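This report concerns only the one structure given below.
The values are calculated or read from the model by the stated rules, or taken from the named source; none is laboratory data. Just so we're clear, the structure is a prediction, and the values are computed from it rather than from any experiment. Virtual Cβ from ideal backbone geometry, glycine too; neighbours counted across all protein chains shown. Only protein heavy atoms, including side chains, enter the accessible area calculation; ligands, DNA and RNA are left aside. Shrake-Rupley method; radii C 1.70, N 1.55, O 1.52, S 1.80 Å.
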Amino acid sequence: MDPEIQKMREVALVYLDRSGGLQKFVHDCKRYNDSKQSYAVYRFIISINPSDIAELDATLGNYILHNPLQAAQIFQSVCFIAIKTLSLIEQLQTEAQISILLKPTHLPPLPSYVLSFSAYPFNYTSQRFYMSEGIVIAMGTVTKYTQGARFLCTEETCPFSEGRFRYIRVHCPGATESATIRTDFVCSLCSSPLQEDMKFRVLGDKQIVEMIDAKVLNALKGYSNDKSHFRIQAFTLFLRDELANKMTIGNHYRIIGIPACVQNGLQATACIEVNSVQLCKPNGPSFLSDNFKYLLSLTSSSCWRFTAVLANIFASQVVPPGTYNTLKLAILLSLVQTCEKENADYLDLLIVTSDTLVIDRLLNYSLCLLPRGIRHAPSSEIFPSVSKDKHGTGSASIQACSAVLAKGGVCYIGDLSSYKKDKLELLQSVLESRTTTVFIPGKKYGEEADQQVTISLQTNFWSFVDVDSSSKKHIQKENFLIGQMDVSSIPANLVDVFGLLIYNEFPSCRLSSPLVHHILNKAINPEAMLYKVSQQFRTQDYEEFILFAKNLHVELSSEAENLIQGYYLASRRVRRDSIHGSTLSASALKILISLSKAHTKLSLRQTVLEEDALIAILLLESSLTLKHGTSPLCVAPNSVFPFDLSDENSLQQRDIYLMQCHHQLLKFIAAYGPGIHITTNEE
């Protein structure tokens, strides 16, 4: 025996003893022994810490990292000797029956151990461990594969025709089912054909997953400052046994695995046999730029000023400061209410406009401030779909979509009036439940029974309605209430489930002079910085600001909670008709809380105050007025920004106006709220 191999076996035994792996191995053997059943293959998982084993013996550490299949044979010999010496499994006959899966806890943080899905060429020939990252864009259903099988000689007089476990086939990384179970094996003793003994076939779970480099998210944004070019290609992952169903479609994962090449007819597919899976968590809180900190200190005298200035100067690369302030505030509120938690406070936006080009540019720009801002392409699907697996298994594969890829971010779906009735109905269902169900017919995909897979969609949706085009396609209603907007081209129930309905300030027939100048100057010189504020508050600063603000944990104060509940109950009483009852949907309370929390985050505070609740109520009341007409509260269409914010005096005037709105709101609650009493400052 090679002395180097013998030394590595000794080191492997020492490592197993010191790491606790030997104790786990004995426990696994007991489970097999207690079953009293003979298997063709006994499978063991051994966790390996490359750093620890390299300290024991650098040769073995290098062997595990660069020749994992051969290194598994070393551990296989050690485990076989341990089983025989300690009589751990009575049924075991040969060393070939032991299948060892080495699972490294990590790989060295060096470029040579990283496999990029967007780099070329893709090294799939060296069967060693690599680490990679990506987003799951397709998932197949769980099917079976052969872990191992026993073969017997067909010649009855041959000693290997029965009893002994002489010929064992075990699955290797990248091997197909036809490669593991073949029909051309011959006996080494008599050269007769071998035949599988079906009683001893060991089956395991297998799942095929498609993953793509996270850089794809930059390509799916509507607007980006990143001008670099890169190649994007999806790669196939094989999840086996304990890793099946360990991934969720749309999530970002870091994997360790062995690349391989799978031959399917004339087509060869590069793939990775996954060894371990780790979920990549979103980046934690970032840092604020000094300019934002200075702006916060300047506006600290009022709870409303910081967010007002923020909205006023936001997106100055796309629209002039001071324009579309209500819409820009709503966008910022929606941006900070993005997270990957279930039952989160979502904030969807539906914009009614005749300036589709300007609004589209503004929304595209805003998407780029999030890691997962996705602009939906009309040629693709918004929600998950099912197709046949392309690797020849015939099983179903669930394909990701714009809404899934926008997990924890925003999905911008464009003009709502361009979608057909069935898509709008599906969108309404998703907005109500934040889930979608994919139906998999069993007969079509080789399954015994039909399946239904429910997928959670954790994203905010943005859309707009072009009032000019919708008014031409649909006959306008005549019985409008005061303040009500004609959105008859969109089903009323769908409009109701959007958090906010916003009407932009400038109809196309009378664009503001600053906006016209901005559009012309940008057309002449797209890279020009037209305003000083664009240099002081860069796009990168806003990205960091939103990342910081969205991770703040906020809680409702009792005063804000009372104000929200009082307004909600009073509104339900006044907004009702004799046929349908209250026109205020049950989701309005959740929207109010979401808006209040979003304004608190945008103000960089952690307690929701009455001032935050007031902004939320004014925004929602304006939205309800557009949907159902005005109420006795009677807020102005531009109630959040009644004045142009040109200097400190205009900010002071706005504060006074909002305090008057607060007083008016308290009167409204006192008049229409059923038995609600809210303490005012005067009291």
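The modelled label-to-label distance between Leu296 and Ser87, using points 7 Å beyond Cα along the C-beta direction, is 7.1 nm.
Listed by chain and number, the aspartates and glutamates whose C-alpha is less than 12 Å from the C-alpha of Lys293, apart from same-chain residues fewer than 8 away, are Asp541. Rounded to 0.05, the FRET efficiency of the Ser116 and Ala219 pair, given R0 = 22 Å and the Cβ-Cβ distance, is 0.90.
Between Cys261 and Lys590, the contour length at 0.36 nm per residue exceeds the alpha carbon distance by 113.4 nm. Remark: the stretch 109-280 carries a charge dipole of roughly 380 debye about the Cα centre, counting +1 on each Lys and Arg Cβ and -1 on each Asp and Glu Cβ. Spin-label model, Lys390/Val142: points 7 Å from Cα along the beta carbon direction are separated by 2.6 nm. Mind checking the angle between helix 558-574 and the chain's longest principal axis? C-alpha axes, 0 to 90 degrees, to the nearest 10. Approximately 70 degrees, to the nearest ten.
Placing unit charges on the Cβ atoms of the charged side chains and taking the dipole of the stretch 65-217 about its Cα centre, the candidate lying farthest along the positive direction among Cys187, Pro109, Gly204 is Pro109.
Helical runs assigned H by DSSP (4 residues or longer) give the chain a calculated mean residue ellipticity at 222 nm of -11500 deg cm²/dmol, each run adding -39500 (n - 2.57) before division by the residue total.
Label sites at Thr437 and Ser558, each approximated as a point 7 angstrom past Cα along Cα to Cβ, lie 4.3 nm apart. Ranking Ser77, Leu424, Leu584 by Cα position along the charge dipole of the chain, where only Lys, Arg, Asp and Glu carry charges on their C-beta atoms, puts Ser77 farthest toward the positive end. Full extension of the chain segment joining Cys172 with Phe643 gains 162.5 nm, where the gain is 0.36 nm per residue of separation less the Cα-Cα distance. For the chain, the Cβ-based charge dipole about the Cα centre amounts to some 740 debye (Lys, Arg positive; Asp, Glu negative; other atoms uncharged). Rolling a 1.4 Å probe across the protein heavy atoms gives the chain an accessible surface of 47 Å² per residue. Annotation: lysines with alpha-carbon distance below 29 angstrom to Lys84 (same-chain offsets under eight excluded): Lys7, Lys24, Lys30, Lys36, Lys103, Lys199. Dipole check for the stretch 1-105: with +1 at the C-beta of Lys and Arg, -1 at the C-beta of Asp and Glu, and the Cα centre as origin, the magnitude is about 380 Debye. Classify the stretch 321-389 as rounded, prolate or oblate from the Cα gyration tensor: take a ≥ b ≥ c as the square roots of its eigenvalues, call it rounded if a/c is under 1.5, otherwise prolate when a/b beats b/c and oblate if not. Oblate shape, in that a/c is at least 1.5 and b/c is the bigger or equal ratio. How far, in degrees from 0 to 90, does helix 325-336 lean away from the longest principal axis of the Cα atoms of the chain, to the nearest 10? Here the helix axis deviates by roughly 30 degrees. Net charge of the neighbourhood of Arg150, taken over other residues with C-beta under 10 Å away and scored Lys/Arg +1, Asp/Glu -1, is +3. Can you give the % of DSSP beta bridges in the chain that are antiparallel, to the nearest 5? That works out to approximately 65 percent antiparallel. Angle of helix 421-433 to the longest C-alpha principal axis of the chain, folded into 0 to 90 degrees and rounded to 10: 90°.
Of the whole protein surface, Ser161 contributes about 20 Å² of accessible area at a 1.4 Å probe radius. Which of rounded, prolate, oblate describes the stretch 1-105, given a ≥ b ≥ c as roots of the alpha-carbon gyration tensor eigenvalues and a/c under 1.5 marking rounded, otherwise prolate only if a/b is larger than b/c? Prolate.
Summary of packing: across the peptides 74-80, 300-306, the per-residue average of other C-beta atoms within 10 Å ranks them, highest first, as 74-80, 300-306.
Could you check how much of the accessible area of the chain is carbon and sulfur, as a whole percent, using a 1.4 Å probe? Roughly 52 percent, rounded to a whole number.
Among the trypsin sites (Lys or Arg not before Pro) in the stretch 1-43, those placed in a DSSP loop whose Cβ has at most 14 other Cβ atoms within 10 Å are Lys36.
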